[in-house]
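Inspection log for the structure reproduced underneath, given as structure tokens.
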Amino acid sequence: MSGSILNFLFFPGGLFALALGLLMLSLKRIVIAKLQGRIGPPIYQNVVDVFKLFNKEILIPASGKDFIFMYA
């Protein structure tokens, strides 16, 4: 499983798709904020959100099975 994720990230097309997707999502959030009369987030906000998501602790319930919970 992790090999396929690493292949996707190191393949230049995968990195391009990831960067373009984050850029387009950022532009969408900025345009929506401008239409609503707000300032909006900075262009790099989605990258910050992704790093914050990866640093979160995974909480597994005491009655849950670790293996099943992690791969569900």
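Using the beta-carbon distance between Phe16 and Ser63 and R0 = 30 Å, what value does 1/(1 + (r/R0)^6) give for FRET efficiency, to the nearest 0.05?
That pair, Phe16 with Ser63, gives E of 0.10.
Run the helix sum for the chain: -39,500 (n - 2.57) per DSSP H stretch of 4+ residues, divided by residue count, reported at 222 nm to the nearest 500 deg cm²/dmol.
Value at 222 nm, helices only, nearest 500: -21000 deg cm²/dmol.
Excluding residues on the same chain fewer than 8 positions from Lys56, give the lysines whose Cα lies under 24 Å from its Cα.
Answer for Lys56, where 24 Å is the Cα cut-off: Lys65, listed by chain and number.
How much accessible area per residue does segment 10-72 have, counting only protein heavy atoms and a probe of 1.4 Å, in square angstrom?
Averaged over the residues of segment 10-72, the accessible area is 89 Å².
Quick one: length gained pulling Leu35 to Leu6 fully straight, 0.36 nm per residue minus the C-alpha distance?
6.6 nm
Ignoring ligands, DNA and RNA, what percent of the 1.4 Å accessible area of the chain is carbon and sulfur?
Using a 1.4 Å probe with all protein chains present, the chain comes out at 72 percent carbon and sulfur.
Normalising by the residue count of the chain, find the relative contact order in percent from Cα pairs under 8 Å and 6+ residues apart.
Averaging sequence separation for qualifying contacts and normalising by length gives 18 percent for the chain.
The values are calculated or read from the model by the stated rules, or taken from the named source; none is laboratory data. Since we're looking at a predicted model, the values are computed, not measured. Cβ sites come from the backbone with ideal geometry, for glycine too, and all protein chains shown count toward neighbours. All accessible areas refer to the heavy atoms of the entire protein, side chains included, with ligands and DNA or RNA removed. Shrake-Rupley method; radii C 1.70, N 1.55, O 1.52, S 1.80 Å.
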